[in-house]
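*Asks:* After the C-alpha cells below, expect a handful of questions from me.
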Amino acid sequence: MRLRRRTEAAPKRGRIRKPRLLALVLVLFALSAVAFSYGLVTAIRSELGALDPSNPRGDVDTVVYSAPNKSGQRRVLAILRGDESRVLVRSDEIAPIMKQAIVATEDKRFFEHNGVDVRGILRAAWEDIRNKAVVEGGSTITQQYVKNAYSRNDKTIARKVREAALAWQLTQRWSKDRILTAYLNTIYFGNGAYGILQASRTYFGGKSAAELTLPEAALLAGIPASPSLYDPVQHPAAARQRRAYVLQQLYDQGRITTAELEKANATPLPKPEDVRLPGTRGPAPYFVNYVTDQLVARYGGERVFGGGLEVTTTIDLDLQEKARDAIQKVLKDPSGPAAALVAIDPRTGAVKAMFGGTNFRRSQFNLATQAERQPGSSFKPIVLASALHRGIAPGTHITSKPIEIDAGDRVWPVKNYEGSYLGSVDLTTAMVHSDNSVYAQLTNIVGPKAIVQTAHRLGIRTKLPAYFSIGLGFVAVNPLDMARAYATIANDGKRVDGSMMGDRPRVVNAVRFRKTGKVTENKVVDRPVLSPAEAETMTAILEKVVEQGTGKRAQLVGQAAAGKTGTNDDYADAWFVGYTPDLVTAVWVGYPNELRPMETEFHGEPVAGGTLPALIWKGFMTRALADRPATSFKSPPYLPQYDVRVVYRGGQWRLDNGFCPATRVMSYYAGRLPTSTATCYANEVSVPVLVGRSVESARVALESVPLSPDVIYVPAKPRTRPGEVVKQTPRGGFLSANGRVRLWVSAAQNGLVPNLIGSSLPAAREQSRKLKLRLKIQYGDGPEGTVLKQSLDAGIAVRPGLPLTLLVGRGSGA
C-alpha cells in the first residue's frame, strides 16, 4: 500500500511544476516583447527627424558621366544635386485644390486614419484577389512619404513593418497638413520635376504652386502613380484619361461642381514644347533627361537626386557632336523642318548618340524619345520579319495592284506611290521598291496582331494598335524605338536588354554607389527574337534597298550598309533607318509641333525618306565610321524554299486538299510548311451562321446557298421567343453544295405569355391560372378592372411559377 501511495504522489508534484514553468515563460516573453517594443519605438523616434525634408540630409551629389573616350576619360554630363529635387514650399504656397486633388486620388481617408489605413489595405487586397493582379495599392500618403524619404532600399518584410511604424509615429507628431506638404515637396512628377514647385514650373511655364488651377492640379495629381505612363508629353491620351479620373474623384467627393468638372475636362493639356525643367544641363541634355528617368524608375528620386550615385552612361560625345554636325549641314533653315537621330551599337545595345532637339533651354521635348510619328515604309521590315519568323520565304510572289482589304469594320483601299505597280513580284523586290500593295497584302497574310508582337519583341516599347494599316507604318513610334528594332536585326536577331533595367534601351553602363563603393553593372543580356538565318536574310534584302532601291542616297563609300526609307502619305514625316555591322542609326525629319506637309523643302521637291533623312544618315555614318576598317555583312545561308498552295482556314494557313477555293501559292522554307491540311469540299459553299434567327428565315437562307436543313426541336428557355435557332452544326465554315445543316429550334413546352392588355382582370386571372403563372396585381389610373400593362412580352415561353405583374385600372373616381 505504501508503495502505491508513493507512485500516486509523483504525478501530483509534476502538475505543480508545469504551471510554474509556463508562468515563467510567459513573464519572460512579456518582458522580451516590452523590451523589443521599447527598442523599436526608440529607434523609430530617432529616425523621425531625418524624414523632415527641410532638415540637412547629408546628401551626396549624383554625377552622370559619358562613356569613356579613346583616352579612357569620362566627361561629366550632369550633376544631380540633392537640393535640385527639393525646392521646398510652405503649405500656404500650395494651391488648396492641389492638396485636395492629391488626397482624393492617392488617399481618400488621409484625414481619418493614423498613418496606416487598415480598411484601405483590406480593400486593396480584396481588389487584387478579385482581379487576380495588383490593381490597387493600400499604402497611405504618409506611408508613401516615409517610403520615399527612407534611405534604405531593401525589399523586406522588416522594412515594410518599419515603414508602417514610422508612418504611425509621424502621424502622432506631425499635423496632417505638415505631412501632406512634405509629401508634395518630395514626390516625382516626371520630366525631371521633383516636388510640387518644380512640377508647376516645368509643366505650366514657370507658374508657382500657389497659382495652380483645377485642371492643372488634377493633371499633376495623376502623374505620381506612374510618371512615365501618365506623362502628358509622351502619352497625352493616357494623361488626359488620368486627369479625368482625378477630376471625377474630386466631383464624387463633393469638392467641385458639375460645371467645374466639364470645364476642367475640356481644358487642353500643356503643349509638349512648353514642358521644360528650369535650368539647363551640360552636353547631351536630352540624353541626360532620358537617363534620369530610367534611374528614377529603377532607384527612386530620393536616391537619384543626392543619393551619391556615380553613373557611367553609354553616350559617345564624339558621335553626339557628329550627329549634331550632320543635321546642321543638311537642315540649314532654322524655320524649316527639324530632325532627330539615335545611334546604337547593335552588339551591346548601347545608345551612342541621341539628338533630341536644338535648344534644350527653350524646349525639353525630346524628339528622339517622345516624338511619336508615323514611320511609313520604314516599318515594312518588321512585317517581313514577322513573315520570315513564320516560315514564309522571301521568294513568295504577290501581285502588286490596287487592292481593297476587308479590315472587319471597314474596307481599306491601298495604292502605290504615284500609282506605279510592279505586277507579280517577290517580297525582296517589293521591299527594294517599297511596294505598298504587296506589303499590305503580306500584312493581311501574317496578321496585324502577329506584327505587333514582332515589333515589341524586336524592341519597340510604344503601344501599337493591331490595325491592318500597321504594315505600311500608319502607327506612332519614336526614333529610339526604330533604332532598337533595327539593332535587333543587325545583331543576328538578338535584342539586347540590360541586366539592371530589363527591356529598355541600354543608356547606362554602370552605377557606383559612392557611399558604399558598390558597383552595379548593366550587363548585356541577349534575347533571341529572330534566328540568325532570318536576321541575315533581312539584312541582305535591306542591303539591296540601299544599293538599288529607295535608299540610294544613303550609300557609303567602301562600306556595306542596309536600311529602309519611310515617308507618310502627306510628307509630314520622313525617315531613314539603317545600319552597318558596327552601328545602327535612325533619322527622322519633320516639323516637331505640327503635322505639316514637307512638299517643297527638298530643293523644291517633297521630302521623302530617301532625301533629307538619307543624306543626314550618310553624313553622320561617314564621319562616325571614318576611323574604323570597312566591314561587310554575313552572307545568309542557303535555305531551300518550296512553293505550296495554301488556304486560310480556322485562323491559320493550311495546305490545300485540292478542293479549296480562294487559295494562293506561297513559298515556305524547308521544314516550315503548314502542318495541317484544310478540309475543303467539292463544289464548296459557305455555311451561314443562323443562331438567333427564326426557323423560317434560316430555311430561306440555307436554300439560297444551296444547303438543306435538318430541324430538331428543343424546349424553349423561359422568357425567350420560341421558333428561333439556338444551335447549329456546323456553325459557319464550309460544306459541299446541297449538304445538310442541323438546326436546333426552340419550341414552347408550357405555353406562351398571352397578350392580356385590354382584358378584364377576371379573364386575365383565369389565363394566368391555366399557365400556372405567379400573378401580381398593381393598380393605376385607367378604366376600372382593365389590364393596362403587363411585365412580360406576349409570345415568349413560360414555365410554371414565372412571375407576371399586371397594371390594372382603378377607375376614374378612385
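The values are calculated or read from the model by the stated rules, or taken from the named source; none is laboratory data. Keep in mind that what you see is a predicted model, and the values were worked out from it rather than measured. Please note: Cβ atoms are built from the backbone with ideal geometry, for glycine as well, and neighbour counts cover all protein chains shown. Accessible surface areas use protein heavy atoms only, side chains included; no ligands, DNA or RNA. Shrake-Rupley method; radii C 1.70, N 1.55, O 1.52, S 1.80 Å.
*Asks:* May I ask you to verify whether Leu295 is in a loop (DSSP other than H, G, I, E, B) and of a type in the set (A, V, I, L, M, F, W, C)?
*Replies:* Answer is no for this residue.
*Asks:* Another question, if that's okay. Do we have any residue at all in segment 325-346 that's at pLDDT below 95 and over 21 Å from Pro613 (Cβ atoms)?
*Replies:* no
*Asks:* Looking only at segment 433-474, filter to residues that are outside any helix (DSSP H, G or I) and of a type in the set (Phe, Trp, Tyr); which one of those is least open to solvent (accessible area, probe 1.4 Å)?
*Replies:* Checking each candidate, the answer is Phe474.
*Asks:* Moving on. Being under 29 Å from Glu418 (Cα atoms) and touching a residue at least 24 places away in the same chain (Cβ under 8 Å) narrows it down to one residue among Thr622, Thr611, Thr631; which is it?
*Replies:* Exactly one residue qualifies, and that residue is Thr611.
*Asks:* Inside segment 704-723, can you point out the residues that are open to solvent by 70 Å² or more (accessible area, probe 1.4 Å) and part of a strand (DSSP E or B)?
*Replies:* Selection gives Tyr713, Pro715.
*Asks:* Mind counting the residues in segment 197-229 that are surrounded by 24 or more Cβ atoms within 10 Å (Cβ to Cβ) and of a type in the set (Ser, Thr, Tyr)?
*Replies:* 3
*Asks:* Restricted to segment 249-258, and to residues that are in a helix (DSSP H, G or I) and open to solvent by less than 70 Å² (accessible area, probe 1.4 Å), which residue is farthest from Gln100 (Cα to Cα)?
*Replies:* Thr258
*Asks:* Tell me, which helices (runs of 4 or more DSSP H) wholly within segment 161-243 include 1 or more residues that are aromatic (Phe, Trp, Tyr) and touching a helix residue (DSSP H, G or I) at 6+ places or on another chain (Cβ under 9 Å)?
*Replies:* 176-186, 196-203
*Asks:* Does Ala682 satisfy the criteria of being free of Cβ contacts under 8 Å to residues at least 60 places away in the same chain, out of contact with any Asp or Glu (no Cβ under 9 Å at 6 or more places or on another chain), of a type in the set (A, V, I, L, M, F, W, C) and closer than 30 Å to Ala387 by Cβ?
*Replies:* When the stated conditions are applied, Ala682 does not pass them.
*Asks:* Just to be sure I understand, how many residues within segment 417-426 are at pLDDT 95 or above and out of contact with any strand residue (DSSP E or B) (no Cβ under 7 Å at 6 or more places or on another chain)?
*Replies:* So the answer is 0.
*Asks:* Please determine whether any residue of segment 551-567 is closer than 25 Å to Ser632 by Cβ and without any contact (Cβ under 8 Å) to a residue 40 or more places away in the chain.
*Replies:* no
*Asks:* Next question. How many of the residues in segment 347-372 are part of a loop (DSSP other than H, G, I, E, B), at pLDDT 85 or above and crowded, with 24+ Cβ neighbours inside 10 Å?
*Replies:* So the answer is 7.
*Asks:* For Arg693, are the conditions met, namely being crowded, with 17+ Cβ neighbours inside 10 Å and at pLDDT below 90?
*Replies:* Taking the combined requirement at face value, the residue does not satisfy it.
*Asks:* Evaluate the following for Ala682: is it surrounded by 18 or more Cβ atoms within 10 Å (Cβ to Cβ) and at pLDDT below 95?
*Replies:* no
*Asks:* Return the residues of segment 522-544 that are in contact with a Gly (Cβ under 8 Å, 6 or more places away or on another chain) and either under 23 Å from Pro337 (Cβ atoms) or hydroxyl-bearing (Ser, Thr, Tyr) (or both); say none if nothing qualifies.
*Replies:* Ser531 - this is the single residue of segment 522-544 that is in contact with a Gly (Cβ under 8 Å, 6 or more places away or on another chain) and either under 23 Å from Pro337 (Cβ atoms) or hydroxyl-bearing (Ser, Thr, Tyr) (or both).
*Asks:* How many residues does segment 53-69 contain that are open to solvent by 60 Å² or more (accessible area, probe 1.4 Å), touching a helix residue (DSSP H, G or I) at 6+ places or on another chain (Cβ under 7 Å) and either among the β-branched types (Val, Ile, Thr) or at pLDDT 75 or above (or both)?
*Replies:* Qualifying residue count for the region: 1.
*Asks:* Under the condition of being hydroxyl-bearing (Ser, Thr, Tyr) and assigned to a strand (DSSP E or B), which residue from segment 392-424 is surrounded by the fewest Cβ atoms within 10 Å (Cβ to Cβ)?
*Replies:* Across segment 392-424, the extreme among qualifying residues is Ser424.
*Asks:* Do the conditions hold for Pro606, that is, is it within 15 Å of Val546 (Cβ to Cβ) and touching a Ser or Thr at 6+ places or on another chain (Cβ under 9 Å)?
*Replies:* No.
*Asks:* Scan segment 490-511 and report the pairs whose first residue is within 19 Å of Asp582 (Cα to Cα) and whose second residue is aromatic (Phe, Trp, Tyr) and not in a loop (DSSP other than H, G, I, E, B), with Cβ atoms within less than 8 Å and a gap of 6+ or a chain change.
*Replies:* Sorted first by the residue in segment 490-511, then by its partner, the pairs are Ala490/Tyr579; Val507/Phe287; Val507/Tyr290.
*Asks:* Name the residue, out of Lys401, Lys380, that is in contact (Cβ under 8 Å) with a residue 40 or more places away in the chain and basic (Lys, Arg).
*Replies:* Lys380 is the lone residue from the list that is in contact (Cβ under 8 Å) with a residue 40 or more places away in the chain and basic (Lys, Arg).
*Asks:* Specify the residue that is modelled with the lowest pLDDT; the eligible residues are those in segment 516-555 that are in a loop (DSSP other than H, G, I, E, B) and open to solvent by less than 70 Å² (accessible area, probe 1.4 Å).
*Replies:* Gly517
*Asks:* Further question: Tell me the residue from Arg769, Arg765, Arg731, Arg774 that is surrounded by 13 or more Cβ atoms within 10 Å (Cβ to Cβ) and charged (D, E, K, R), please.
*Replies:* Sole residue among the options that is surrounded by 13 or more Cβ atoms within 10 Å (Cβ to Cβ) and charged (D, E, K, R): Arg765.
*Asks:* Got a sec? Which of Ile129, Ile121 is open to solvent by 90 Å² or more (accessible area, probe 1.4 Å), modelled with pLDDT under 70 and either out of contact with any Lys or Arg (no Cβ under 7 Å at 6 or more places or on another chain) or not aromatic (Phe, Trp, Tyr) (or both)?
*Replies:* None of the others qualify; the one that does is Ile129.
*Asks:* Let me ask you something else. Any residue at all in segment 89-106 that is within 34 Å of the chain's Cα centre (by Cα) and modelled with pLDDT under 80?
*Replies:* No.
*Asks:* Another question, then. Count, please, the residues in segment 488-515 that happen to be assigned to a helix (DSSP H, G or I) and open to solvent by less than 10 Å² (accessible area, probe 1.4 Å).
*Replies:* Total satisfying the criteria: 2.
*Asks:* Restricting attention to segment 697-717, and to residues there that are in contact (Cβ under 8 Å) with a residue 40 or more places away in the chain and within 44 Å of the chain's Cα centre (by Cα), which single residue is nearest to Arg769 (Cα to Cα)?
*Replies:* Taking the candidates together, the pick is Lys717.
*Asks:* Quick one: Leu806 ticks every box in (1) under 30 Å from Glu684 (Cβ atoms); (2) open to solvent by less than 30 Å² (accessible area, probe 1.4 Å); (3) assigned to a strand (DSSP E or B) bar one, so which box is it?
*Replies:* Only one criterion is unmet by Leu806, namely (1).
*Asks:* Which residues, taken from segment 736-762, are hydroxyl-bearing (Ser, Thr, Tyr) and either open to solvent by 80 Å² or more (accessible area, probe 1.4 Å) or farther than 20 Å from Val711 by Cα (or both)?
*Replies:* Ser759, Ser760
*Asks:* A follow-up question, please. Which condition breaks for Phe305 when tested against (1) over 23 Å from the mean Cα position of the chain (by Cα); (2) open to solvent by 60 Å² or more (accessible area, probe 1.4 Å)?
*Replies:* (2)
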